[in-house]
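Working notes for the structure below.
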Amino acid sequence: MQVHRSLSQLPAFRNAVLTIGTFDGVHLGHQKIIQQLVQSAREVNGESVLISFDPHPRKIISSVPGDIRLLTLLEEKIRVLEPTGIDHLVVVPFDHHFANQTATQYIHEFIYQHFHPHTIIIGYDHRFGKGRTGDYQLLEAEGVKLGFKVQEIPEHMLQESGISSTRIRNAITEHRIADANALLGYDYFFCGTVVEGNQLGRTIGFPTANLHIKSEDKLIPGNGVYAVTVEIDAEPAILKGMMNIGYRPTVDGKRRMVEVNIFDFDRDIYGKTLRVMVHHYLRGEQKFNGLEGLKAQLAADREQAITLLA
């Protein structure tokens with residue numbers, strides 16, 4: 001898969017078959033569209049092109065720009081798309097100028113000028129252009145004039161699975177990790193840099209890697225304890241562990257923290273990037289009477305996590 005981040009440097013596509021959307025999470029519903037995209041490109045000896053946007057359009061056009069947390073940041077989206085068989089991913093910088101194109105400008109000056117498509121595949125409810133005035137019918141009519149075809153993904157195909165990025169975000173926030181992973185088709189993950197903490201966990205036999213999440217846009221699961229697996233700086237080893245998200249009420253914590261205890265592990269990994277795959281929700285955050293109570297609960301959490309990850 002080739003990744004293109006500049007419209008001015010796109011190659012000349014051969015019989016481009018393209019689809020357009022944010023594809024946040026690249027969930028199983030998205031994957032159905034992508035399968036159709038790849039198949040349709042093969043049928044016309046063409047190249048499959050997925051067009052996505054960065055930042056997420058809601059960050060630009062919403063009256064409350066911070067109202068969305070993303071399932072996949074751009075580099076994470078690229079990682080999930082890599083094995084799907086797409087020939088090209090085009091990342092379009094989304095800004096106010098782009099958002100203010102009329103629907104006809106969008107078709108002529110964006111889609112046709114840059115891609116000269118053979119076929120465009122869009123959902124029945126796809127909207128585009130300023131005020132979201134463009135739809136399938138307009139795209140089809142302009143396609144007749146400009147010489148490209150339009151395939152509509154019917155409502156029943158998109159709705160029968162009941163999958164949406166919003167539904168998955170809600171599941172992750174509400175601790176329903178199994179539901180979210182089933183809808184995604186993979187285990188939800190995020191990345192963070194290991195930073196120095198107060199090393200309290202080490203003193204009670206459960207050393208933790210304290211993570212700094214670089215982007216505020218990334219959706220972090222709700223507070224509580226989780227069974228996880230971890231990759232360190234893209235090393236091939238997959239390590240098992242448990243993760244706590246929250247304020248650590250037993251020690252009167254003031255900041256929300258993300259801490260990962262990697263089982264049977266004793267390496268200095270400060271400054272390393274951890275990719276954390278979230279598998280199971282174990283319990284909510286609790287306040288214990290003292291460190292001994294916390295220690296006993298962590299031992300029970302570890303045993304539960306080991307059983308679930310086996």
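The values are calculated or read from the model by the stated rules, or taken from the named source; none is laboratory data. This is a predicted model, so every value here is computed, not measured. With ideal geometry, Cβ positions are generated from the backbone for all residues, glycine too; neighbour counts draw on all protein chains shown. Just so you know, the surface numbers come from the protein's heavy atoms only, side chains and all, with ligands and any DNA or RNA stripped out. Shrake-Rupley method; radii C 1.70, N 1.55, O 1.52, S 1.80 Å.
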Check your understanding: For residues in the range 215-241 being more than 21 Å from Arg176 (Cα to Cα) and in contact with a Ser or Thr (Cβ under 7 Å, 6 or more places away or on another chain), which is modelled with the lowest pLDDT?
Key -> Asp233
Study note, to complete from the structure: Checking Glu109, Glu140 in turn, the sole residue that is among the charged types (D, E, K, R), surrounded by 15 or more Cβ atoms within 10 Å (Cβ to Cβ) and more than 24 Å from the chain's Cα centre (by Cα) turns out to be Glu140
Exercise for review: Could you pull out the residue among Asp54, Asp67, Asp87 that is touching a Gly at 6+ places or on another chain (Cβ under 9 Å), open to solvent by 20 Å² or more (accessible area, probe 1.4 Å) and among the acidic types (Asp, Glu)?
Suggested key: Asp87
Point to revise | Of all residues in the range 32-84 being at pLDDT 95 or above and among the polar types (S, T, N, Q), the one that is farthest from Asp217 (Cα to Cα) | key: Asn45
Review point. Tell me, which residue of the range 100-135 that is part of a helix (DSSP H, G or I) and in contact with a Ser or Thr (Cβ under 6 Å, 6 or more places away or on another chain) is nearest to Leu50 (Cα to Cα)?
Key: Ala103
Exercise for review: Please go through the range 256-308 and pick out each residue that is closer than 26 Å to Val80 by Cβ, outside any loop (DSSP other than H, G, I, E, B) and either open to solvent by less than 30 Å² (accessible area, probe 1.4 Å) or of a type in the set (Asp, Glu) (or both).
Suggested key: Val258, Glu259, Val260, Ile262, Leu274, Val276, Met277, Val278, Leu282, Ala305
Point to revise | Residue count, the range 115-134 (criterion: in contact (Cβ under 8 Å) with a residue 24 or more places away in the chain, within 25 Å of Gln35 (Cα to Cα) and surrounded by fewer than 18 Cβ atoms within 10 Å (Cβ to Cβ)) | key: 3
Practice item. For the range 23-36, indicate whether the set of residues that are acidic (Asp, Glu) and open to solvent by less than 30 Å² (accessible area, probe 1.4 Å) is non-empty. Key: yes
Check your understanding: How many residues does the range 52-94 contain that are among the β-branched types (Val, Ile, Thr), under 16 Å from the mean Cα position of the chain (by Cα) and over 28 Å from Ala16 (Cα atoms)?
Key -> 1
Check your understanding: Quick one: is Ile153 at pLDDT below 90 and either surrounded by 18 or more Cβ atoms within 10 Å (Cβ to Cβ) or under 22 Å from the mean Cα position of the chain (by Cα) (or both)?
Key -> yes
Practice item. Report the residue count in the range 1-19 for those that are modelled with pLDDT under 95 and surrounded by 13 or more Cβ atoms within 10 Å (Cβ to Cβ). Key: 1
